[in-house]
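Everything below concerns the one structure shown next.
Every number here is computed from the coordinates shown, using simple stated rules; none is lab data. What you are looking at is a predicted structure, and each value in this text was computed from that prediction instead of being measured. All Cβ positions, even for glycine, are placed from backbone atoms using ideal geometry, and neighbour counts span all protein chains on display.
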Amino acid sequence: MQNKLIDRIAHQKKIPIIGKGTQIDINKKFERLIKENYRIVEITLRSEDALEAALDLKEKNPNISIGLGSIKSLSELEKVSKLGFEFYVSPGINSKMMEYAKTNTINYIPGVSTPSEIMTAIESNYNLLKFFHAEQNGGFKTIKFFNEIFINVKFIPTGGINNDNYNDYIKAENVIAVGSTSF
């Protein structure tokens, strides 16, 4: 993972995630986020139009860091990583995907929710992880617990994060940013 990207993510603190929707919906939300001065945005591949919308937005907005989320398989990562997005995110962890990303120097953030999954990531030299689904997996208390054991791992909690609870997460030493569809 490029240190410059990690620094920019840590600086922005809130990573808006554009989830489901038509291309028009995705474009409208993206435009609103840019007006609100966000410079890093994740677009999840959870709708039929998401990839096409993301490609169009990437081309029209070269100064915005756009990542693709909800990457669920090695074949999917192989396909989309050739499209030149800034980063790629998975809801879970997959050793083959981590190895592919390392071998091909791809900014990849695997998702974890348990100590065993974190240990799998550490074994593959990943120390920036998505904590997903944060609220369904113990929320802020779990993040604090992880900090006691995994002192060199940083997290981007997503799932259930909103404008009412994101500040709790951001205060944690091991959280560099939070992601949400609510921003």
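What are the residues whose amide H is under 5 Å from the amide H of Gly179, where those residues sit 5 or more places off or on another chain and H is modelled from the backbone?
Excluding prolines and chain starts, which carry no amide H, the hits are Ile15, Thr158.
Given just the C-alpha atoms of segment 69-125, how large is their convex hull per residue in cubic angstrom?
67
Put a dot 7 Å past each Cα toward the Cβ at Glu52 and Lys82; how far apart are the dots in nm?
2.0
Where a Cα-Cα gap under 19 Å defines reach, which aspartates and glutamates qualify for Lys72, not counting those fewer than 8 residues away within the same chain?
Cross-link targets: Glu42, Glu48, Asp49, Glu52, Glu86, Glu99, Glu117.
Mind jotting down the distance between the C-alpha centroids of segment 123-173 and segment 30-67, whole Å?
24
Quick one: which of 72-85, 124-137 comes out on top by average Cβ neighbours within 10 Å, and what's the full order, highest first?
124-137, 72-85
Working from the pairwise distances between different alpha carbons, so that the mean of 1/r is found and then inverted, what is the chain's Kirkwood radius in Å?
It is 16.3 Å.
In the neighborhood of Arg8, defined by Cβ-to-Cβ distances under 15 Å, what is the net charge if each Lys or Arg adds +1 and each Asp or Glu adds -1?
+2
Counting only other residues whose beta carbon sits under 15 Å from that of Gly21, what net charge do I get with K and R as +1, D and E as -1?
Overall, the nearby charge balance is -2.
How much net charge surrounds Gly92 when only other residues with a Cβ under 10 Å from its Cβ are counted (Lys, Arg +1; Asp, Glu -1)?
Local charge sum for Gly92: +1.
In nm, what is the difference between 0.36 nm times the number of residues separating Asn127 and Phe145 and their Cα-Cα distance?
4.9 nm
Which residues in segment 79-99 have a backbone N closer than 15 Å to a point placed 7 Å from the Cα of Lys4 along the Cα-to-Cβ line?
85-87
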